[in-house]
Amino acid sequence: MAKRVGIITSGGDAPGMNAAIRAVTRHGIFLGYQMVGIKRGFKGLLDDEFITLSLRSVSGIINTGGTMLHTGRCPETKTRTGMKKAVKAIKELELEGLIIIGGDGSLAAGNALSKHGIKVINIAASIDNDIYGTDETIGYDTALNTAVEAIDKIRDTATSHDRIFVVEIMGREHGFLTVDVGLAAGCEFIVVPEMKVIIQKLAVELKKGKDRGKTSEIIVFAEGCGSSVEFAKKIEKLTDLEVRVSNLGYIQRGGRPTARTRILASKFGYTAMDFFHQGKTNLLVGITDGKVSAIPIHQALRTEKKFDAQTVKVLRNLSV
Ligand code: F6P
């Protein structure tokens, strides 16, 4: 009988997860495995919700957002009892190992499972791009493009009304996505958790921008910095200018994956199954300097990804 390998998507969905599921499934079947899709993240594992994946069941999904397996956050697996239940479920399903597609929460689950002797490969997928061990996560490029497209539209109304906009970007407690969105959308200011902002100074700079003839100014504001509404109120008070807030929210998580995201997801999925087949497990698959590679899960988990402050400098110098 063919050895069985499980695939699970967990945590927040990211565009390109489907492309990764397709790649893992098809390459897994090619390598002689029976591929089992666990539904609804780790909750589905505990609830025994799974499907057998075939070559055809992953047809027509490379171009779709979300995850065909559904996903979720499962606080139970953070407990010892929950983790034991997950290990038991994996054994009962007679899985040789598990491919986990997700972000940092999934990485923690992968680490815990590997400590219990389960063969795991994590694939980095999250719009936040906050995982050490990969220059880019699946879904990040799509979210970046979605946010930039939205800000291009916001710019039209901001310019027409001579307004300042604060645009809130997702990213949990990090500003990786915010910084790149800001640079690509030609925004004037960035507020991210990684860098201290003195609001009074920012207000002065905004006014100077107006004096230089700017008709609109856009501040990209990372969700990890608190309330964008409160921040906007303070800016309005300090500048006496009209300020509006737009929270891009969950639209950043959806939509058709870009070609770049699909390529990344396909390569990650293919490589994950290759490593698994070679007996190389307990790894996170990512990309470094253009090369798909892997590092131990525990290393990815315990190392903070470096924030590139240079990007902020470039943005400021160019948004004159
Ligand atoms: O990790 C992806 C992400 O979209 C973060 O940017 C955000 O903070 C979080 O998930 C939102 O989580 P939830 O889907 O549980 O509301």
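Below, the figures for the structure above:
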item: Flag for Gly66 being within 16 Å of the ligand (Cβ to nearest atom), farther than 18 Å from Lys119 by Cβ and out of contact with any Cys (no Cβ under 7 Å at 6 or more places or on another chain); result: yes
item: Number of positions in region 1-19 that are outside any loop (DSSP other than H, G, I, E, B), farther than 17 Å from Leu93 by Cβ and within 16 Å of the ligand (Cβ to nearest atom); result: 1
item: Single unsatisfied condition, Ala124 versus (1) in contact with a Phe, Trp or Tyr (Cβ under 9 Å, 6 or more places away or on another chain); (2) more than 16 Å from the ligand (Cβ to nearest atom); (3) within 24 Å of Gly290 (Cβ to Cβ); result: (2)
item: Residue among Glu223, Glu242 that alone is touching a strand residue (DSSP E or B) at 6+ places or on another chain (Cβ under 8 Å), surrounded by fewer than 21 Cβ atoms within 10 Å (Cβ to Cβ) and not assigned by TED's automatic domain parsing to the domain that holds Gly97; result: Glu242
item: Filtered residues of region 280-310 (kept if surrounded by fewer than 17 Cβ atoms within 10 Å (Cβ to Cβ) and part of a helix (DSSP H, G or I)); result: His298, Gln299, Arg302, Ala309, Gln310
item: Set Thr288, Thr281, Thr261: member being in contact with a Ser or Thr (Cβ under 9 Å, 6 or more places away or on another chain), within 16 Å of the ligand (Cβ to nearest atom), in the same structural domain as Gly65 (by TED's automatic domain parsing) and at pLDDT 95 or above; result: Thr261
item: Among the candidates Ala124, Ala86, Ala109, Ala143, residue that is crowded, with 17+ Cβ neighbours inside 10 Å, over 20 Å from the mean Cα position of the chain (by Cα), modelled with pLDDT of 95 or more and not acidic (Asp, Glu); result: Ala86
item: Residue list for region 112-149, filter: assigned to a helix (DSSP H, G or I) and touching a strand residue (DSSP E or B) at 6+ places or on another chain (Cβ under 8 Å); result: Leu113, Ser114, Ala147
item: Test: residue in region 186-201 that is touching a His at 6+ places or on another chain (Cβ under 9 Å), surrounded by 21 or more Cβ atoms within 10 Å (Cβ to Cβ), in a loop (DSSP other than H, G, I, E, B) and not acidic (Asp, Glu); result: yes
item: Filtered residues of region 175-185 (kept if within 16 Å of the ligand (Cβ to nearest atom) and either surrounded by fewer than 24 Cβ atoms within 10 Å (Cβ to Cβ) or of a type in the set (A, V, I, L, M, F, W, C) (or both)); result: Phe176, Leu177, Val179, Asp180, Val181
item: Check on Thr271, out of contact with any helix residue (DSSP H, G or I) (no Cβ under 8 Å at 6 or more places or on another chain), exposed (fewer than 15 other Cβ atoms within 10 Å of the Cβ) and of a type in the set (Ser, Thr, Tyr); result: no
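The values are calculated or read from the model by the stated rules, or taken from the named source; none is laboratory data. It should be emphasised that the depicted structure is a prediction, and the values quoted were computed from it without experimental measurement. Backbone-built Cβ (ideal geometry, glycine too); neighbour counts: all protein chains shown.
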